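Peer 1: My questions all concern the structure below.
Each value in this text was obtained by applying a stated rule to the coordinates, not by laboratory testing. What you see is a predicted model; the values in this text were computed from it and never measured. Glycine gets a Cβ as well: all are built from the backbone with ideal geometry, and neighbour counts include every protein chain shown.
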Amino acid sequence: MPPSGRAPRRTAPGASGQARSDGYVVDIDYTHGFYRELAPSLLRFVTALHRVQAVDTDRPFTYYELGCGNGHTATLLAAVNPHGRFIGVDFNPAHVAYARKLAQDTGVENATFLERSFGELNELDTADAEIIGLHGVYSWVSEENRRHIVEFIRRRLKTGGIVYVSYNCLPGFAQAAPLQRLFVEHAGVDEGELPDRVRRSVQFATLLAGAGAEYFRSSPQAKKLLDRVAGEDLRYVAHEFYGANWSPFFHADVVRELAGAGLAYAGSAALIDNFDQLVLKPDLRPFVADAADRVFAETVRDYAVNRTFRRDVYTRDAPPAGPAEAAAMLGRTRFALARPRALCRLKQRTPAGEVSLEEPSYAPMLDALARAPLTLDELAQAPECASLDREGLRQAVLGMAAFGNILPALPAAGEGARRTAAARFNKGVLSRPVAGPEAVALASPVLGSGVAVSVIDSLLLGGLAEGRDPVDHATQALTAGGLRLLKAGEPVKSADEARNLIAGKARLFFSHVLPHFRQLGMVD
């Protein structure tokens, strides 16, 4: 199945060569991103938040990522969850080859990668799973491949197992469908390699909008999306919009399809979306509260915020937790700061407007976690939290998780082994040459997940690891990689100016970011 450079086309699934793609883009490799919503620790927290007794991810488990792309997420998660077995599946041979080499280069032995279509996967005698994750893939594949996915889940997911599936959704993406069709039709009649055709089709749509096409004037969301796409990585744009089977879905339709595998919706991996008081305007909340069932309530939420993308978490036959057990599950959950304490925010703009949280209720808990990662039960005993009763502390924890200031972490037990594996992974990632302006993801053995690190910060870390002056190392590496820094939106012209800019960023890094990375176990 070599890359052909031709337009994506719909072909019979399960056959050899290009046919296995069934309209999915295989002519351009996908971006090398990390998606923290796939982390077992976060998925388990979502189920506990909604009082569902799902599988215990502190014990050995098997995890499949279907449509794993270049394998960054699966490999990183394997590094910081050495008690888990991670199996990435993708039918793009370049993706699988890259993923296997990444695992080898970073010393990750509990991640394997299969070059298989979803139909072929069901023909294999594979292990049963506690977790199955799909990021975005559900929106990109054919109806037949979605049936293969559901069948795989039905066969392989254990009782109490967790499924994560994210997808473009309606009603928010309704105005984008004509734009996606315009991209695909233009690319289909154009000549040349797919990356060039993707770029030219976006340029054509931009010119059409600028000439006053009524579609863009009457569909402001489509024009906003076009403006965003014009600045995106071509690899992301190709996979996101140029597949022959591109489809946004209503949540209710996905729920009904996944019901064929015995799944029930648990909650959202976008933590803030689990709290109506933070994302819904007051006048809209009664419409959700009065909904006849959970599926319709989620549908109303999507209309209320005009949602374009969902990050759904499902479970299979997981029993509900009573009040006492739910409180105990949350009490045992360990938390850590997701950003340096000085950068934690108590104001955030959401679909409900600007939401502010009162500092006296939240600052003590953040101060305690700035000292060390703690469980909710341990926070209740922390001197910083003496002014908070149990309910006030619970609300503070959930509010700060929703705002992205804290994240669920793995238990302290076993952290030593996780640190060793994470250090090996991070060393391998930091030793790679700069490939572009994208942030890299480093492994945190505390979170059991990854943390996005800017290019400059990663180079400062690399300089420290090599015993070199970090600013000199970052400046030289950026120059060698052909990257130019921007200051006030303009390219930096001289080496001295570049070094001064990096030195300024280094001051913030060493005062706030590096101590935070050390607390998360990312740096010794």
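Peer 1: Taking the alpha-carbon distance from Lys101 and a cut-off under 24 Å, which lysines remain once sequence neighbours fewer than 8 residues away in the same chain are dropped?
Peer 2: Here the lysines satisfying the reach criterion relative to Lys101 are Lys427.
Peer 1: Once you place label points 7 Å from the Cα toward the Cβ at Asp367 and Lys101, how far apart are they in nm?
Peer 2: 5.1
Peer 1: How much FRET efficiency would the formula 1/(1 + (r/R0)^6) give for Ala211 and Val189, where r is the Cβ-Cβ distance and R0 is 30 Å, rounded to 0.05? Walk me through the numbers on the way to the answer.
Peer 2: Numbers: r = 19 Å, r/R0 = 0.63.
E between Ala211 and Val189, to the nearest 0.05, is 0.95.
Peer 1: Specify which residue in the list Ala474, Ala396, Leu77 is farthest towards the positive end of the charge dipole of the chain, using unit charges on the beta carbon of Lys, Arg (+1) and Asp, Glu (-1), about the Cα centre.
Peer 2: Ala474
Peer 1: Express as a percent, rounded to the nearest 5, the fraction of DSSP beta bridges in the chain (both residues included) that run antiparallel. Intermediate results must be reported in sequence, preceding the final value.
Peer 2: Details: 30 of 51 bridges.
If I count the DSSP bridges inside the chain, around 60 percent turn out antiparallel.
Peer 1: With label points built 7 Å along Cα→Cβ from the Cα atoms of Ala412 and Arg468, find their separation and express it in nm.
Peer 2: So the label points at Ala412 and Arg468 sit 3.9 nm apart.
Peer 1: For Phe309 and Glu232 in one chain, what is 0.36 nm times their gap in residues minus the Cα-Cα distance, to one decimal in nm? All intermediate terms of the calculation are to be shown ahead of the outcome.
Peer 2: Working: separation 77, 0.36 × 77 = 27.72 nm, distance 1.71 nm.
Net length gain for the segment: 26.0 nm.
Peer 1: Could I ask something else about it? Please report the net charge: other residues with Cβ closer than 11 Å to the Cβ of Gly448, K and R +1, D and E -1. Spell out each step's value before the answer.
Peer 2: On the way: positive: Arg36, Arg44, Arg334, Arg418; negative: Asp58, Glu415.
Its environment carries a net charge of +2.
Peer 1: Give me the lysines in straight-line cross-link reach of Lys347: C-alpha distance below 20 Å, same-chain residues under 8 apart excluded.
Peer 2: Result set, ordered by chain and number: Lys281.
Peer 1: Here's a follow-up. Output needed: percent of Cα pairs per 5 Å distance bin for region 334-409, bins running from 0 to the one holding the longest distance.
Peer 2: Bin by bin from 0 Å, the calculated values are 3, 17, 31, 26, 14, 5, 2, 0.
Peer 1: Right, something else. Quick one: net charge of Leu225's neighbours, Cβ under 12 Å, K/R +1, D/E -1? Write down the numbers at each step before the final one.
Peer 2: Working: positive: Lys223, Lys224, Arg228; negative: Asp227, Glu232, Glu240.
Within the 12 Å Cβ shell, the charges total 0.
Peer 1: Okay, next question. What lysines could a cross-link reach from Lys487, if we take a straight Cα to Cα line under 23 Å and drop same-chain neighbours fewer than 8 places away?
Peer 2: Lys505
Peer 1: Please identify the DSSP H helices in the chain that span no less than 30 Å along the helix axis (Cα) and have a mean Kyte-Doolittle hydropathy of -1.0 or more.
Peer 2: Working: long enough: none.
Going by DSSP H runs, there are no hits.
Peer 1: Follow-up question, since we're still on this one. Let me see the P(r) profile for region 415-519: every Cα-Cα distance counted, bins of 10 Å, each bin given as a percent of all pairs.
Peer 2: 14, 47, 30, 8, 1
Peer 1: About the Cα centre of region 158-259, how large is the charge dipole given +1 on each Lys and Arg Cβ and -1 on each Asp and Glu Cβ? Please answer in debye to the nearest 20.
Peer 2: Working: 11 positive and 12 negative charges, 61 e Å.
Result for region 158-259 is approximately 300 debye, rounded to the nearest 20.
Peer 1: Mind listing the long-range amide H neighbours of Leu374? Cut-off is under 5 Å, sequence gap 5 or more, other chains count too, H placed in the peptide plane at 1.01 Å from N.
Peer 2: Phe335
Peer 1: If all Cα-Cα distances of region 174-241 are sorted into 5 Å bins from 0 onward, what percent lands in each bin, rounded to whole numbers?
Peer 2: Values per bin, smallest distances first: 3, 18, 33, 27, 14, 5, 1.
Peer 1: Quick one: net charge around Phe61, please, counting Lys, Arg +1 and Asp, Glu -1 for every other residue with C-beta under 11 Å from its C-beta. Could you put the intermediate results ahead of the total?
Peer 2: Working: positive: Arg44, Arg59, Arg85, Lys158; negative: Asp56, Asp58, Asp128, Glu130.
Every neighbour counted, the sum reads 0.
Peer 1: Can I ask one more? Using R₀ = 22 Å, calculate the FRET efficiency as 1/(1 + (r/R₀)^6) where r is the Cβ-Cβ separation of Arg349 and Ala174; round to 0.05. Write out the running numbers ahead of the final one.
Peer 2: Details: r = 23 Å, r/R0 = 1.06.
Rounded to the nearest 0.05, the efficiency is 0.40.
Peer 1: A follow-up question, please. In nm, to one decimal, how far is the Ala439 label point from the Asp56 one, both placed 7 Å along Cα→Cβ?
Peer 2: 3.4
Peer 1: Among Ile162, Ile456, which comes first, then next, by fewest other beta-carbon atoms within 10 Å?
Peer 2: Least to most surrounded, the residues fall as Ile456, Ile162.
Peer 1: Given R₀ = 35 Å, FRET efficiency for Glu358-Leu486 by Cβ-Cβ distance, to 0.05? List each step's numbers first, then the result.
Peer 2: Values: r = 37 Å, r/R0 = 1.07.
My answer for the efficiency is 0.40.
Peer 1: For every helix of n ≥ 4 consecutive DSSP H residues, a contribution of -39,500 (n - 2.57) applies; sum these over the chain, divide by its total residues, and give [θ] at 222 nm rounded to the nearest 500 deg cm²/dmol.
Peer 2: Details: 23 runs with 232 residues, N = 524.
It lands at -13000 deg cm²/dmol.
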